[in-house]
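The values are calculated or read from the model by the stated rules, or taken from the named source; none is laboratory data. Source: prediction; values computed, not measured. Cβ coordinates were reconstructed from backbone atoms using ideal geometry, including for glycine residues, and neighbour counts include every protein chain displayed. Each accessible area value is taken on the protein alone, full model and side chains, heavy atoms only, with ligands, DNA and RNA left out. Shrake-Rupley method; radii C 1.70, N 1.55, O 1.52, S 1.80 Å.
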Amino acid sequence: MIFTNLVQANLRTQILGQVIEYYSQLDSTNEEAWEMIDEGVKPGTVIITDRQLSGKGRNGAKWQSKADRSLTFSVIIQPNNLSGSISGVFPLLSGVAIVKALQDMHIKGGLKWPNDIMVKGKKLGGILCESRIQGKSINWVVLGIGINVNETANDFGNDISGTATSLYLEVGNFIQRERLLAAILNHLEILLNDLGKDSESFDINKYWTPYCTHSNKQITFQDDDKVYQGRFIKIAKNGECVIEMNGTTQSFTGAVIKNV
Ligand code: BTN
């Protein structure tokens, strides 16, 4: 059970989380968010569930989460006149908000481009950002976030093979999910306000790169069916990653980094 009043008691936001829709079970909080958008919803609404039955991951993957242990939620954002070309910045800013929230709890997290939350080299969570663009502007954004919070080693079973972790496994005690959610929303709203103030000169690197786990590192990554190697340089203005290969730089949108 998520106590939405406990989340809201810890909020310092004007918009995000002012409405929280809690479901004991749902197929996917992102899917529910889009249905709500179509029916008319207050921007900033958060949809959260304790048991997500068909969680969606990036690139068509499934997102598995343990009922009552993890945080699985979506935040509905209605940007004000933001160009569709920068929709790739939203998942990156969400990652920054999550790592800052972890920092508040004295937990050191890192970010692996584009949407992985890492702790000590293992995946703690991920972000699935979906947006609807009308004309040249972003109309709606659904930020779907899954974080492993109170899973024990038993909960992970055999299928995770040591590449995933939870906050409980890292810090050794159970974490109040409501407090973590409130901290994420508090940070996210500040970051989104910064983006909204001057999106033309907004430099995502200033926010994201300090937490990057592979800055300037030699990485192996896959884009479609091709595997590449190169040095991770930075994030482009639109959220793409810029890689140096054989003395020239190239940007990638949908790549998956394999080795960090
Ligand atoms: C990834 O790493 O592939 C992204 C995973 C995103 C999972 C979250 S859980 C809440 C929200 N609802 C979904 O169906 N997916 C996202």
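Points to keep in mind about this one:
- The stretch 102-112, residues that are over 17 Å from Glu240 (Cβ atoms) and either within 16 Å of the ligand (Cβ to nearest atom) or surrounded by 23 or more Cβ atoms within 10 Å (Cβ to Cβ) (or both): Leu102, Gly109, Gly110
- Enumeration of residues in the stretch 119-156 that are in contact with a Lys or Arg (Cβ under 6 Å, 6 or more places away or on another chain) and within 13 Å of Ile77 (Cα to Cα): Asn139, Trp140
- Candidate set: the stretch 236-255, residues that are among the aliphatic types (A, V, I, L, M) and buried (at least 16 other Cβ atoms within 10 Å of the Cβ); chosen: the one nearest to Phe90 (Cα to Cα): Ala236
- Number of positions in the stretch 113-171 that are in contact with a Cys (Cβ under 8 Å, 6 or more places away or on another chain) and near the ligand (Cβ under 10 Å from one of its atoms): 5
- Candidates are the residues of the stretch 60-89 that are assigned to a loop (DSSP other than H, G, I, E, B) and among the basic types (Lys, Arg); the one that is surrounded by the most Cβ atoms within 10 Å (Cβ to Cβ) is Lys66.
- Filtered by the rule that a residue be among the aliphatic types (A, V, I, L, M), at pLDDT 95 or above and not in a helix (DSSP H, G or I), the stretch 1-58 gives Ile2, Leu11, Ile15, Leu16, Val19, Ile20, Leu26, Val41, Val46, Ile47, Ile48, Leu53.
- Ile48, sole failed condition from (1) open to solvent by 10 Å² or more (accessible area, probe 1.4 Å); (2) of a type in the set (Val, Ile, Thr); (3) within 23 Å of Phe174 (Cβ to Cβ): (1)
- Qualifying positions in the stretch 212-235 - open to solvent by 20 Å² or more (accessible area, probe 1.4 Å), among the aliphatic types (A, V, I, L, M) and in contact with a strand residue (DSSP E or B) (Cβ under 6 Å, 6 or more places away or on another chain): Ile233
- Number of residues in the stretch 27-63 that are acidic (Asp, Glu) and under 19 Å from the mean Cα position of the chain (by Cα) equals 4.
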